[in-house]
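Chemist: Would you mind keeping the following structure in view while I ask a few things?
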């Protein structure tokens, strides 16, 4: 579980969809309202008054400070928690969304260029091409979902912020997978398959292998297995991304069909929200 409020100087991605759940939001609101300056300073002054009245001779002045401080602190918390909770919840969502945006910008700068560069290399160009296409498609799908949400919800509502944040979780999961693919393609590119095949062929034509030749054959076979394993891993991750994008398409279609009829819309949107959150959970699972 990630920290409730990321440091503004860090580039953090929330660790999971639970960061945007009602439970997490309520916890953040409680923490922020308890830590509100007016609440804290008032309660502290009230407690100091209580201590002073115990240590020193009680007086109406000291008791007045204690009672006033505690009353103001309690009133501040009650007002903030029960009547201004949406304001604090929106701040929480915006802070998490800000950290997501930083992470997203960082990935967008890095991943797209590297995938395009790998498209020029023999042997892995097909994987790089598919990854580059996914890089473009996931951006388009996220923008489509954002557009649908804008039509169905007020962008100022807390619900809109939660939906958008969940959608960004799916988006980032695919981008993170593409980052992993870049790493794998880098390792694959370092292994020269043509060289391995040529050396194996040269060793296989020998009538008898010396000890050093046998050792070389073993290392060549091991390197070739490593290459195949890495390529299979890339293939699996690309497939997981395709699954995530297909599920995202279904979610977009589901939300688009929601009719904004009074009463019914809230029920349908709640169903769509649960589906989107489930998609985000699955997308996080796709990150392997």
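The values are calculated or read from the model by the stated rules, or taken from the named source; none is laboratory data. Just so you know, these numbers come straight off a predicted model, no measurement behind them. Methodologically, a virtual Cβ is constructed for each residue, glycine included, from the backbone with ideal geometry; neighbour enumeration extends over all protein chains shown.
Chemist: Can you pull out the residues in the stretch 127-157 that are assigned to a loop (DSSP other than H, G, I, E, B) and surrounded by 19 or more Cβ atoms within 10 Å (Cβ to Cβ)?
Modeler: Within the stretch 127-157, just 153 meets the criteria.
Chemist: For the list (1) within 22 Å of residue 241 (Cα to Cα); (2) touching a helix residue (DSSP H, G or I) at 6+ places or on another chain (Cβ under 8 Å); (3) modelled with pLDDT of 80 or more, I need the number of the one condition that residue 124 fails.
Modeler: For residue 124, the exception is condition (3).
Chemist: Of the residues 106, 101, 114, only one is assigned to a helix (DSSP H, G or I), in contact with a helix residue (DSSP H, G or I) (Cβ under 9 Å, 6 or more places away or on another chain) and modelled with pLDDT under 80; which?
Modeler: Details: 106 fails: in contact with a helix residue (DSSP H, G or I) (Cβ under 9 Å, 6 or more places away or on another chain); 114 fails: modelled with pLDDT under 80.
Unique residue meeting the criteria: 101.
Chemist: All but one of (1) more than 16 Å from residue 231 (Cβ to Cβ); (2) at pLDDT 85 or above; (3) touching a helix residue (DSSP H, G or I) at 6+ places or on another chain (Cβ under 9 Å) hold for residue 140; state the number of the condition that does not hold.
Modeler: The failed condition is (3).
Chemist: Among the candidates 164, 175, 184, 203, single out the residue that is under 18 Å from the mean Cα position of the chain (by Cα) and at pLDDT 85 or above.
Modeler: On the way: 164 fails: at pLDDT 85 or above; 184 fails: under 18 Å from the mean Cα position of the chain (by Cα); 203 fails: under 18 Å from the mean Cα position of the chain (by Cα).
When all the criteria are applied, what remains is 175.
Chemist: Test residue 8 against the criterion of being at pLDDT below 80 and either part of a loop (DSSP other than H, G, I, E, B) or within 20 Å of the chain's Cα centre (by Cα) (or both), and give yes or no. Even if it seems obvious, please write down each step before you answer.
Modeler: Working: at pLDDT below 80: yes; either part of a loop (DSSP other than H, G, I, E, B) or within 20 Å of the chain's Cα centre (by Cα) (or both): yes.
Answer is yes for this residue.
Chemist: Tell me whether the stretch 77-85 contains one or more residues that are more than 30 Å from residue 168 (Cα to Cα), assigned to a helix (DSSP H, G or I), under 36 Å from the mean Cα position of the chain (by Cα) and free of Cβ contacts under 8 Å to residues at least 24 places away in the same chain.
Modeler: Let us first name the residues in the stretch 77-85 that are more than 30 Å from residue 168 (Cα to Cα), namely 77-79.
Then keep just the ones that are assigned to a helix (DSSP H, G or I); that gives 77-79.
Narrowing the set further to residues that are under 36 Å from the mean Cα position of the chain (by Cα) leaves 77-79.
So of that shortlist, the ones also free of Cβ contacts under 8 Å to residues at least 24 places away in the same chain come out as 78-79.
Checked against the condition, which is being more than 30 Å from residue 168 (Cα to Cα), assigned to a helix (DSSP H, G or I), under 36 Å from the mean Cα position of the chain (by Cα) and free of Cβ contacts under 8 Å to residues at least 24 places away in the same chain, the stretch 77-85 yields at least one hit.
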